[in-house]
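Since every read-out is calculated from the coordinates, none of them should be taken as a lab result. Keep in mind that this is a model prediction, so the values were computed, not measured. Using ideal geometry, Cβ is built from the backbone for each residue, glycine included, and neighbour counts are taken over all protein chains shown.
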Amino acid sequence: MIVRNAFPKVYRLNDSKSGNPYWLVDARSKRWGMNERPTFGTEKEALDRARAIADQVAKFGAQPELPREAKVRADAYAKLVGCLAPFDKTPEDAVSFYVKFLGDETIRQAKPSVGQLVDQFQAHKLLEKIDDQYLNEIKVHCRFIKRIWGDEKIDEIRRNDIETKLTRRHPNKNTRRKYLTFAKMFFNWVLGEDRGYILTNPATGIKIKPDNPEKEFYPPETVKGLLRYVAKNQKELVGYYALLTFSGLRPSEGARVQWHHINFTTQELHVLKGKTDARHVHLEPVALEWLKWFRDNSPGEAPFVPQKNMFNLERKVRESMGGKWIPDGLRHGFATFYASLKKDFPAVAWYMGNSVAMIKKHYATTIPGDQLNQFWGLTPPVVLADESAGTPASQPPTGGGKCF
């Protein structure tokens, strides 16, 4: 039923399902450039809309028809406006944000991965004049970092991620602290290169307390078995292990010792600068006896420490302990026995190249007199007198810093 005959026409229709009436405004016209057919629930609304359209046509005349592409773009823009309205943003704001994101992503993709930087770091460290012991430590720790974070971008590493992965892979806190120390060293190197890859060291602020402030070490019987094994099977390492055992040298310090660093006349050893400053230490009688035994049983041209195949030679010694190897256990044992012998923490600290606080914290355990005498009495004649007697080198060490 026609309600209005003039343009635009208005029709009264009935809904096919409910039967309720509704009104349609037919404003389709090529002449006027329009294509509208809105519907209304009341006749008044429909007529008002029709009159408004007629007034618009009378005022502005025909409207040029928009190209289809322009209409599609307009509709898309309108949808974007609707999507961004709840966030009080415009499509122009969204475009600016996305362009910035693309620029940042391009820069991020250009940054090297952790694996690439670790390779550069290792190459840089190997340029330094270092001993085989430290060389192998560098390789081991670099492999660890590369295995865990190698595929990630350097700026993606976070402190929480470092803490979590170190905890999962190394339940032992002391081991975890070693790997954390090297991770900090690596990230500091990246920062020092000043290439803008990272702004801060993600490992900074992570602290791991040791499992036990008292360091683990071997009881005298185990030390005796170890020295017997070395003297019999790895004779070229006797001097090295004698200094680790009876002078408390770090493995890196022991690996740098040469014959001319030992003065048998003054009974002194010159320890080269490494982790700490260089120092001259007085050799205890048992250490001197082992060094003389080693000198008398070594070829004249042999170096004090073999520089080739050192890593494999040490590995065999560790394997002889039956899986009971304690990292720096010989040094810890010397410090504990030496502190009980001298009862002078400042003197022990200077000898070890540590602080007095460190000595008091880790090596204050008092050793009974019989154990003390047994340790300082492990001379070559005692150790090698009867190979069928005594405790084998595989005797397990005890924990908690006690040797009995």
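Legend: Rg and Dmax of the chain, from Cα coordinates, 41.2, 129 Å.
The Cα atoms of the range 143-239 cover 54, 30, 21 Å along the three principal axes, with the biggest extent listed first.
With a simple spin-label model that places each label point 7 Å from the Cα along the Cα-to-Cβ direction, the separation between Phe311 and Phe97 comes to 5.1 nm.
Using just the alpha carbons, could you tell me how many Å³ per residue the convex hull of the range 220-384 encloses? Intermediate results must be reported in sequence, preceding the final value.
Working: hull volume 19.0 nm³, N = 165.
Dividing the Cα hull volume of the range 220-384 by its residues yields 115 Å³.
Build a GNM of the chain with springs between Cα atoms under 10 Å: which of Ser18, Ser320, Ser298 gets the top mean-square fluctuation? In the Gaussian network model the winner is Ser18. Taking other Cβ atoms within 10 Å as a rough exposure proxy, Met34, Met1, Met185 sort from fewest to most as Met1, Met185, Met34. Stretching Asn160 away from Met185 to a fully extended chain increases their span by 7.2 nm, per 0.36 nm per residue minus the current alpha-carbon distance. Each of Gly82, Tyr22, Trp149 was scored by the projection of its Cα onto the charge dipole of the chain, and the greatest displacement toward the positive side belongs to Tyr22; charges sit on the C-beta of Lys, Arg, Asp and Glu.
Legend: calculated FRET efficiency, His270 to Asp370, from the Cβ-Cβ distance at R0 = 41 Å, rounded to 0.05, equals 0.75. Considering only Thr39, Ala50, Pro8, the residue lying farthest towards the positive end of the dipole of the range 2-65 is Pro8, judged by Cα position with unit charges set on Cβ. Checking the cross-link pairs Lys207/Lys342; Lys184/Lys273; Lys178/Lys275 against a 24 Å limit on the alpha carbon distance flags Lys207/Lys342 as lying beyond it.
Between Leu13 and Asp75, the C-beta separation translates, for a Förster distance of 30 Å, into a calculated FRET efficiency of about 0.65. If R0 is 22 Å, the Cβ-Cβ spacing of Lys207 and Ala357 corresponds to a FRET efficiency of close to 0.85.
In a simple Cβ point-charge model (Lys, Arg +1; Asp, Glu -1; nothing else charged), the chain has a dipole of about 1220 debye relative to its Cα centre.
From helices alone, the chain scores -16000 deg cm²/dmol at 222 nm; the rule is -39500 (n - 2.57) for each run of n ≥ 4 DSSP H residues, then divide by the residue total. Build a GNM of the chain with springs between Cα atoms under 10 Å apart, and of Val140, Val223, Val118 the one that fluctuates most is Val140. When Lys and Arg each count +1 and Asp and Glu each count -1, what net charge do the other residues less than 12 Å away from Ala54, Cβ to Cβ, add up to? Net charge in that neighbourhood comes out at +3. Length gained on full extension, Asp88 to Ala54, computed as 0.36 nm times the residue gap minus the Cα-Cα distance: 8.6 nm. For the range 114-192, the Cα-based Rg and Dmax, in that order, read 12.4, 34 Å.
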